[in-house]
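All remarks here apply to the structure that follows.
The values are calculated or read from the model by the stated rules, or taken from the named source; none is laboratory data. Keep in mind it's a predicted model, so treat the numbers as computed, not measured. Virtual Cβ from ideal backbone geometry, glycine too; neighbours counted across all protein chains shown. Each accessible area value is taken on the protein alone, full model and side chains, heavy atoms only, with ligands, DNA and RNA left out. Shrake-Rupley method; radii C 1.70, N 1.55, O 1.52, S 1.80 Å.
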Amino acid sequence: MLKVFQLHVSIATFAGMVADGLLCFFAVLLAASSLQLVPGTAAQSALTAPHIFLFASGFAMVMSLLYAFVGLYRPTPIAFGAMLRRTLVALLVGGYLTYLVLKQISEGGYASQLMLSVTLYLLVGLVVVRGAIFAARRLATTPRVLIVGTGPEAQSVATDLMTLKRVSRDVVGFFATDPEGAQNGTMRGHPVFSGDQSIEDIVAANQVDEIIVAVREQRGGGVPMDQLLACRIRGIPILDLAGFYERAKSEVPIDSLKASWLVYGHGFVQGRARQFAKRTFDIVSSSLLLLVASPIMLIKLDSAGPVLYSQERVGLGGKGFMCLKFRSMRTDAEKDGKAVWATKNDSRVTRVGAFIRKTRIDELPQLFSVLRGEMSMVGPRPERPTFVNELKQVIPFYDVRHSIKPGVTGWAQVRYSYGASVDDARKKHQYDLYYVKNNSLLLDILVLIETVSVVLFREGAH
């Protein structure tokens, strides 16, 4: 389970939740201390340890989850105004719920005084902390990177390094692995170093902190492995294309992927301990969600026909199972019986169906498949046999996704908004490979938290 902390996206998410949780915790302690200094208040005798520490811990946990639920930790950039609105919504909801609980358990009527003080301290703290983080990022030294290669892959890596904030780097230049590439003196405003120069010398002269090998085919002598090994021994981190995109975009690019990387790489842990933890998590989470969502599942459709329908999907080990869903399309959606890709704004979707698809309500009956053990709460989306046979022919390593149970939600669903074609399926498969490789209990929790954000703000479809 601890390997999930090696994932940069998870580190950022959980670090953000911990930091905001600590801010909420200390806001409660400061508010309680301030009220105790005011003579004649009921809070003087009530706000004492250990009760105030328990209250502060509970408030911190609630607010951290609410911040996550409103999407403050998602990797997709949001405008400052949207971030401010979502923060205020989380603060108002969390503050009001905490006030109601505190009002019921308190005897001195100090709930309103305490929560008002907590809110003021928290707002000040958020401004100070966010401002300090922004200033630290501006002052921090950007790591310097040498890109090995001059082809389309190298240029794509350079673009990502300059545009993705999570992996922002200062590109020192490109190291040419072929004579044709060495003829270019510059590329994208950066120098191109010829193969006549040693990578070790280039690294030393330009204070390079990291090397990215952006060459799809490394055989044939173009990539100087002995020089790269010498740099690695000196402590310079070296990433290949698959490793870079796994870190940068939380996906595994299949165009540059080799079977050897899957065979010898880290991850793909499916031991008994992991299976037991995942099955326990599935039973507990699906049971709780069924209990909470039971009133929502009493829906009425606006078209003739059954409310529920079952459809064969491909599950663990490539075996088929019947997947249960709320019907969101007309009953004649596939008149000739031939499977058809669902498209965005599909005319076959009913008015109520469009709503339940956007909010994922149509997926709720799949919770029974989770309890039966056919599905998991988190995993690759189960596809129909016809589509699986088609996609296996055009997408490399497609069967890898069937090494684990399909999920009600998944890493691809919260990272890629819509999938209605082979190209979309290829893109989502890259996210599924990332999940299969790095799956863990904490990653499952992260996916469920982000699913709440996607549903609340209608950021995706399926």
Checklist entry - Going by accessible area, probe 1.4 Å, with all protein chains left in place, what is the ranking of Val370, Val284, largest first? => result Val284, Val370
Checklist entry - What list of ³J(HN,Hα) couplings, whole Hz, do you get for region 382-395 from phi and the Karplus terms 6.51, -1.76, 1.60, once you set θ to phi - 60° and write x for glycine and proline? => result x, 9, 6, x, 4, 5, 4, 4, 6, 6, 4, 7, 10, 10
Checklist entry - Distance in nm between label sites at Asp170 and Val89, each 7 Å beyond Cα in the beta-carbon direction? => result 4.0 nm
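Working out 0.36 nm times the residue gap between Met61 and Leu308, then minus their Cα-Cα distance, what length gain in nm do you get to one decimal?
On the way: separation 247, 0.36 × 247 = 88.92 nm, distance 3.72 nm.
Using 0.36 nm per residue and subtracting the Cα-Cα distance, I get 85.2 nm.
Put Met329, Met83 in order of accessible area, largest first, 1.4 Å probe: what do you get? Mind dumping the intermediate values first?
Working: Met329 30, Met83 65 Å².
These residues rank, largest area first, as Met83, Met329.
What do you reckon, how do Ser369, Ser168 stack up by accessible area (1.4 Å probe), largest on top? Walk me through the numbers on the way to the answer.
Numbers: Ser369 0, Ser168 50 Å².
Order by accessible area, largest first: Ser168, Ser369.
Residue separation times 0.36 nm, minus the C-alpha to C-alpha distance between Ala79 and Gln36: what's the value? Walk me through the numbers before you get to the answer.
Numbers: separation 43, 0.36 × 43 = 15.48 nm, distance 3.93 nm.
So the chain would gain 11.5 nm between Ala79 and Gln36.
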Checklist entry - Considering amide H positions built from the backbone, and no H for Pro or chain starts, which residues 5 or more places from Val171, or on another chain, come under 5 Å of its amide H? => result Val145
Checklist entry - What distance in nm separates the simple spin-label points at Arg247 and Ala140, each placed 7 Å from Cα in the Cβ direction? => result 1.3 nm
